[in-house]
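Written below as structure tokens is the structure these notes are about.
The values are calculated or read from the model by the stated rules, or taken from the named source; none is laboratory data. Keep in mind that this is a model prediction, so the values were computed, not measured. In this analysis, Cβ positions are derived from the backbone assuming ideal geometry, glycine residues included, and neighbour counts consider all displayed protein chains.
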Amino acid sequence: MVDKTRHVAVCPDCQSSITLPPAPELWMRVTCPECGTQLEIVDDNPWELDYAEDYEGEEETEDMDYENYDEGLDDDKDSPWNT
Ligand SMILES: [Zn+2]
């Protein structure tokens, strides 16, 4: 028996229909061909897509921002109108 069903899901970003691979699996990652958004399959009945989470470099950049912010505050203390 040949299954001719095409697995199609809708992009949450641009609402276009995306044809999934022949044997899609839950949590499989796909890229929207219309808007290039990284998506993953979050439901299989029916097929549903959601934004794929990016696990790379979680909180490391946050520390850097904090240090830069502190330096900015120190500069302000030297302002002449602050005395
Ligand atoms: Zn899209």
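A compact table of results
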quantity: Some residue of segment 28-40 being over 14 Å from the mean Cα position of the chain (by Cα), modelled with pLDDT under 80 and either within 30 Å of T5 (Cα to Cα) or loosely packed, with under 12 Cβ neighbours inside 10 Å (or both); calculated: no
quantity: Subset of segment 45-63 (residues that are closer than 20 Å to T5 by Cβ and modelled with pLDDT of 95 or more); calculated: W47, E48, L49
